Structures are given as structure tokens and as C-alpha cells.
Amino acid sequence: MNKLTEIQNELKAKKSCYNKFGKYYYRKCEDILEALKPLLAKHDCTLTIDDNVGHCGDYTYIESCVSFNDGGEATITSCAQAGIEKAGGMALPQAFGSASSYSRKYALGAMFLLDDTEDPDATNDHKPTPKMTSKDACVKLDTAKTIDKLVSIWNALPVDIKQVDEVIKKKDTLKTEFTTK
């Protein structure tokens with residue numbers, strides 16, 4: 001399975017989503033598949049994903065199995081499971097879809113040896129990081145000389161700072177100044 005090893009070494013699946021509550025980035029199943037498709041084509045390999053519903057007592061779960069074939073007779077399979085739980089206002093079909101996506105992501109991660117080196121737990125030196133204050137954010141926003149720069153600075157601000165009224169007012173004031181010039 002030389003081709004699998006090559007794909008494992010080439011695959012870079014970015015973490016495109018941000019969890020505001022936990023303050024970390026994560027990757028979705030779609031992120032992995034998007035990065036994987038060109039590599040499968042390049043190496044002339046195929047990948048299939050199958051979901052099955054399982055039960056253990058009163059517990060229902062989805063098992064996703066990822067099967068990799070490099071064009072030869074051998075196929076390598078990796079499986080992962082995720083429980084089906086209705087959280088928040090989730091309907092049952094959404095709970096099934098969520099569990100399927102989650103188990104697929106972990107089956108793909110195991111197959112292609114995706115690591116979490118960008119995760120906070122992997123890079124955390126356990127030293128407190130200075131938190132940006134609303135005053136710091138306003139000073140940064142004041143450095144903008146164009147609407148494009150204002151947008152760029154705004155987008156780079158931490159999510160929690162963007163929700164502070166003082167910072168929102170500063171951004172809106174500057175935006176008005178730039179658009180009325």
C-alpha cells in the first residue's frame with residue numbers, strides 16, 4: 001500500500017471551522033474530503049464510505065467505515081462510531097446526520113493519519129496569554145486608513161472582542177467616516 005503512505009504524507013486538511021465556546025479550530029468531514037479528492041485522482045485510488053446503524057442496549061450509534069483501494073486487489077478499511085443524540089433543538093434526522101459526519105471524520109482521520117498538531121491541546125504551553133481589551137481593539141481600528149484596512153483589522157480581531165459595544169461603535173463610526181468621504 002505504497003500509494004496510501006504517499007497520500008498520508010501529502011494530505012493537508014485544514015481546520016476551517018471555529019468553536020466560539022471552546023475557542024478552537026476544527027476540521028469537518030467535508031474539509032478532509034475536499035483535500036483528499038485531488039490526491040485520490042493523482043494516485044489513481046478509490047475511497048468509499050459506508051454508514052451502518054448499530055445498537056448496544058438502549059444506545060443507538062452510527063458506524064462509518066472508510067475503504068481505500070489503490071487499484072490492486074487489497075482494500076484497507078478504517079471504522080469509527082458516533083452515538084446518536086438529539087441535542088438542543090435538533091430533529092432526529094439531524095442527529096443521525098451529525099453522528100454520521102462525526103464518525104466519518106474520525107474514520108478518515110484514522111485512515112489517513114491526520115494529527116491535531118494545530119489543536120490548542122497540542123500546542124498549549126500552559127502559560128496565560130494576554131487578553132486583548134476593548135481599548136486595544138479600538139486603538140487597532142483607529143490605525144485603519146481605508147475601508148479595506150478597517151475590514152482587515154476587524155476580521156483579525158478575536159470573536160469575543162467583536163461583541164463588545166464600545167468596539168462595535170468604533171468600527172461603525174470609522175466605517176461611516178470612510179464611506180462618506
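The values are calculated or read from the model by the stated rules, or taken from the named source; none is laboratory data. These numbers come from a predicted model, not from an experiment. All Cβ positions, even for glycine, are placed from backbone atoms using ideal geometry, and neighbour counts span all protein chains on display.
So, in segment 1-31, how many residues would count as being loosely packed, with under 14 Cβ neighbours inside 10 Å and within 15 Å of the chain's Cα centre (by Cα)?
Going through segment 1-31 one residue at a time, the tally reaches 10.
With respect to ALA80, determine if the residue is within 23 Å of SER16 (Cα to Cα), surrounded by fewer than 14 Cβ atoms within 10 Å (Cβ to Cβ) and under 20 Å from the mean Cα position of the chain (by Cα).
Judged against the criteria, ALA80 is not a match.
Might you check whether a residue that is closer than 20 Å to LYS23 by Cα, β-branched (Val, Ile, Thr) and at pLDDT below 85 occurs anywhere in segment 149-162?
yes
Would you pick out the residues in segment 55-74 that are assigned to a strand (DSSP E or B) and surrounded by 13 or more Cβ atoms within 10 Å (Cβ to Cβ)?
Selection gives THR60, TYR61, ILE62, GLU63, SER64, CYS65, VAL66, SER67, PHE68, ASN69.
I'm checking my understanding of the structure. Among residues of segment 32-51 that are surrounded by 14 or more Cβ atoms within 10 Å (Cβ to Cβ) and over 17 Å from the mean Cα position of the chain (by Cα), which one is farthest from GLU63 (Cα to Cα)?
HIS43
Is it true that some residue in segment 112-126 is in contact with a strand residue (DSSP E or B) (Cβ under 7 Å, 6 or more places away or on another chain), at pLDDT 95 or above and either surrounded by 14 or more Cβ atoms within 10 Å (Cβ to Cβ) or assigned by TED's automatic domain parsing to the domain that holds SER16 (or both)?
For segment 112-126, residues in contact with a strand residue (DSSP E or B) (Cβ under 7 Å, 6 or more places away or on another chain), at pLDDT 95 or above and either surrounded by 14 or more Cβ atoms within 10 Å (Cβ to Cβ) or assigned by TED's automatic domain parsing to the domain that holds SER16 (or both): absent.
Pairs only if they're at least six apart or on different chains, beta carbon under 7 angstrom, first in segment 46-63 and in the same structural domain as MET111 (by TED's automatic domain parsing) and closer than 10 Å to GLN81 by Cβ, second among the aromatic types (Phe, Trp, Tyr) and assigned to a strand (DSSP E or B); list them, first residue then second.
GLY54/TYR61
Please give the helices (runs of 4 or more DSSP H) falling wholly within segment 134-174 in which 2 or more residues are of a type in the set (Val, Ile, Thr) and under 28 Å from the mean Cα position of the chain (by Cα).
By residue number, 147-156, 159-162.
Taking GLY89, is it touching a helix residue (DSSP H, G or I) at 6+ places or on another chain (Cβ under 9 Å), more than 15 Å from ALA110 (Cβ to Cβ) and loosely packed, with under 12 Cβ neighbours inside 10 Å?
no
For segment 78-103, name all the residues that are part of a strand (DSSP E or B) and of a type outside the set (A, V, I, L, M, F, W, C).
SER78, GLN81, GLY83
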